[in-house]
Amino acid sequence: MPFNPLKLAALLLATAGWLGAGGVTVTATDQKNEAVPELVVWLDPLGAPVPPADPAELAATVEQFNEEFDPYTIAVRLGTKVEFPNRDDVQHHVYSLSSPARFEIPLHGGDETEAVVMDQTGHVPVGCNIHDWMISHIIVVDTPWFGTTDESGRLALTDLPAGPYKLTAWHPRLRKTDEREINLVAGETLAVPVELRLRPDRRIRRAPTAGGSRY
């Protein structure tokens, strides 16, 4: 078979791309060594450009269901259109007074959906003017590598270019964001234990009814 330099170059490029990918697994615990779910984590590359966003990925949802916001914490990329569908039979009045996204969605009933584009980075707390216990926290970041920890306090991010990153972790009960520098090696997954000191949980809870359901 004759030597084909073009096929060899393509093979080398594909191999380099596969070997150039790394990953990170975050495991978050608090001062009691208990898992920390709903922790927002994101990675900013150090000394490397951030890849452009895919417009198809700039969409997220924070729904109103059972008179709660779901999810409680969420990370979205800069420019994301966040929809606020109402899955309840009652009306909600959604708003935020934050600097990154100041908005108000007046009274809207069941199956109605409104949307807001997050065009500035930062923390966007969202509330309901009718139901004081309802709150959600949107973290807007300018990177494609982000997520929230699950019930076991774990989050895995894969297919990241090898190199140095700043890892940032945020939670409503943290006094300030937790930051550290990490280095991802091609073809390896880095395990990052994150030990946090959380403030007491002051979140307002709805009182259960006598029958066990909640208003």
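The values are calculated or read from the model by the stated rules, or taken from the named source; none is laboratory data. Fair warning: this is a prediction, and the values are worked out from it, not measured in the lab. Glycine gets a Cβ as well: all are built from the backbone with ideal geometry, and neighbour counts include every protein chain shown.
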Query raised in the report: Which one of the conditions (1) modelled with pLDDT of 95 or more; (2) assigned by TED's automatic domain parsing to the domain that holds residue 78; (3) on the phi < 0 side of the Ramachandran plot does residue 132 fail to meet, given that it meets all the rest?
Result: (1)
Report summary line: Counting only residues that are part of a strand (DSSP E or B) and touching a residue at least 60 places away in the same chain (Cβ under 8 Å), the stretch 112-159 contains a total of 18
Query raised in the report: Looking at 106, 45, 37, 51, which one is in contact (Cβ under 8 Å) with a residue 60 or more places away in the chain, loosely packed, with under 14 Cβ neighbours inside 10 Å and either within 22 Å of residue 165 (Cβ to Cβ) or not polar (S, T, N, Q) (or both)?
Result: 51
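Name the single residue, out of those in the stretch 109-128 being modelled with pLDDT of 95 or more and not aliphatic (A, V, I, L, M), that is surrounded by the most Cβ atoms within 10 Å (Cβ to Cβ).
It comes out as 128.
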Query - The lone exception for residue 99 - which of (1) within 14 Å of the chain's Cα centre (by Cα); (2) among the polar types (S, T, N, Q); (3) loosely packed, with under 15 Cβ neighbours inside 10 Å it fails - result: (1)
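Counting just the residues of the stretch 188-215 that are at pLDDT 95 or above and assigned to a loop (DSSP other than H, G, I, E, B), which one comes out farthest from the chain's Cα centre (by Cα)?
Pass one, the stretch 188-215, residues at pLDDT 95 or above: 188-199.
Remaining after also requiring assigned to a loop (DSSP other than H, G, I, E, B): 188, 196-199.
Details: 188: 23, 196: 18, 197: 20, 198: 19, 199: 20 Å.
The residue in question is 188.
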Report task. Could you please find all residues in the stretch 160-182 being assigned to a strand (DSSP E or B) and under 10 Å from residue 23 (Cα atoms)? Result -> 160, 161
